[in-house]
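What follows is a set of notes on a single structure, which appears directly below.
The values are calculated or read from the model by the stated rules, or taken from the named source; none is laboratory data. On a predicted model such as this, the values are computed, not experimentally measured, just so you know. Neighbour counts are summed over all protein chains in view; Cβ atoms, including those assigned to glycine, are modelled from backbone coordinates with ideal geometry.
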Amino acid sequence: MASIPRKIARLMVFALIVSTIILVAVNSSSFGLGGWFGSAQTGPRKLVFSNNKSKPPEKVVEENYKLLQDVLMKPILEPKTDNLVRPPADPDQYDRANATMLVLVRNRELGQVVRTIKQIEKKFNSKFHYPYVFLNEKPFTDKFMSGIKAVVSGTAYFEHIDAADWEQPDWIDVKKQNQDMRQLDSENVGYAKQVSYHNMCRYYSLGFYNHPRLRQFKYYWRFEPGTDYYCDLNYDVFKFMELNNKTYGFVIALYDVEQSVRTLWPRTLEYLAANPAALHPNGAYDFLLENQQNPHKTKEANGYSTCHFWSNFEIADMDFYRSKPYSDWVSYLDSTGGFYYERWGDAPVHSVGVGLFEDRDKIHWFRDIGYKHQPYTLCSNCPTCSKCKTAEFTYDHLKDQNCLANWWKYEMSESQRNIY
């Protein structure tokens with residue numbers, strides 16, 4: 001094997017030292033990371049979990065789950081704002097927001113996606129006729145397209161993803177990738193050995209919003225084949241986002257598989273060390289750095305709680321992804337190969353990105369949009385919701401995966417809590 005040039009070797013050693021310092025800092029209770037990014041801190045909060053208390057994790061799990069049940073049992077209607085836009089008399093003449101329904105789907109999933117679309121149409125889109133964008137790395141079949149056109153009220157766009165955007169980069173070290181994927185698979189990390197899953201996570205993290213078709217839109221509602229929707233929406237959710245200055249909307253928040261994101265946070269800290277001004281002073285730091293309910297996850301993920309918004313449903317402003325803070329950061333992440341050497345999901349990437357680079361008050365919990373993606377459900381005590389059990393979330397043995405209580409406790413202002 002040829003020797004590594006001395007200059008490159010010195011750079012590698014320097015990078016290792018910097019990474020080690022950052023890892024020590026993030027796991028040290030006596031070192032506030034706010035000191036690293038002081039030049040960007042214009043507010044009182046620092047990039048460190050600010051609510052450490054000495055309680056057993058089991059106790060925290062029970063308290064957080066009870067809090068979630070109490071919140072979901074509270075009767076709600078719809079957001080208490082004076083600017084909700086109601087369904088028009090003629091949806092075809094309606095001045096819609098610059099938005100689309102979005103799904104990444106394969107031809108074989110036609111039955112599942114039609115089932116979900118029928119629910120979305122009944123609950124929401126038959127009243128507004130928003131267009132749909134269907135993405136696939138393979139060409140859609142005539143059968144698929146005709147099946148979709150039979151159930152959607154808005155225009156349907158069937159779009160192909162360019163191989164250059166979908167396939168893994170040719171600079172990925174395949175030997176390392178195979179070794180790392182085998183290791184993750186031995187640790188029971190789902191989809192670890194499926195390259196197509198890694199491609200999907202990477203594409204939804206840094207590529208989809210720049211697809212030529214999606215460039216024409218600002219907002220999207222992402223859904224997945226086979227998900228269920230339970231609640232009638234009698235207002236335009238896209239106009240709600242637009243008129244109330246919201247960037248990101250979610251329904252369910254969970255902990256991730258910690259082995260899948262071991263270096264996501266350290267790589268993020270490397271980026272922030274070089275770009276401290278990117279950090280938003282009112283970011284959702286506690287949500288990202290909480291270490292009480294599942295401290296083993298925070299430790300394994302090197303300081304990241306693994307809390308994330310479950311991205312199989314999300315309503316968001318794609319201009320945020322196109323902004324310099326997010327796009328530069330996610331490009332740096334991509335350059336490290338973590339989407340393939342680990343199994344970084346688009347959900348933690350979106351969540352860390354919006355949690356660090358956006359004002360947390362612009363993140364909205366849609367408590368009136370009930371949905372299920374096995375094994376998790378969100379069903380509020382709302383009169384427009386049906387066919388789900390109020391306050392249902394998941395099986396007893398998965399109670400510790402609830403991150404919604406953390407969002408409620410640490411990141412929501414009183415006005416946000418009382419918006420319903």
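For this structure, a couple of remarks:
- Number of positions in the range 374-420 that are touching a Phe, Trp or Tyr at 6+ places or on another chain (Cβ under 7 Å), surrounded by 15 or more Cβ atoms within 10 Å (Cβ to Cβ) and either assigned to a loop (DSSP other than H, G, I, E, B) or not hydrophobic (A, V, I, L, M, F, W, C) (or both): 13
- Filter result (outside any helix (DSSP H, G or I) and in contact with a helix residue (DSSP H, G or I) (Cβ under 7 Å, 6 or more places away or on another chain)) within the range 194-211: G207
- The single condition from (1) part of a loop (DSSP other than H, G, I, E, B); (2) under 21 Å from F320 (Cβ atoms) that Q292 fails is (2).
Per-residue answers, yes or no, for (1) over 25 Å from the mean Cα position of the chain (by Cα); (2) at pLDDT 95 or above; (3) more than 30 Å from T377 (Cβ to Cβ):
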position	(1), (2), (3)
Q69	no, yes, no
P79	no, yes, no
D92	yes, yes, yes
V113	no, yes, no
K123	no, yes, no
S146	yes, yes, yes
P169	no, yes, yes
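- Test: residue in the range 305-313 that is part of a helix (DSSP H, G or I) and among the aromatic types (F, W, Y): no
- Within the range 179-195, tally of residues that are without any contact (Cβ under 8 Å) to a residue 60 or more places away in the chain and acidic (D, E): 1
- Condition check for V257: over 30 Å from P91 (Cβ atoms) and either in contact with a Ser or Thr (Cβ under 7 Å, 6 or more places away or on another chain) or of a type in the set (A, V, I, L, M) (or both): yes
- Residue under evaluation L233, criteria (1) hydrophobic (A, V, I, L, M, F, W, C); (2) surrounded by fewer than 16 Cβ atoms within 10 Å (Cβ to Cβ); (3) closer than 30 Å to T390 by Cβ, criterion not met: (2)
- Residue in the range 256-267 that is touching a helix residue (DSSP H, G or I) at 6+ places or on another chain (Cβ under 9 Å), in a loop (DSSP other than H, G, I, E, B) and closer than 30 Å to C379 by Cα present: yes
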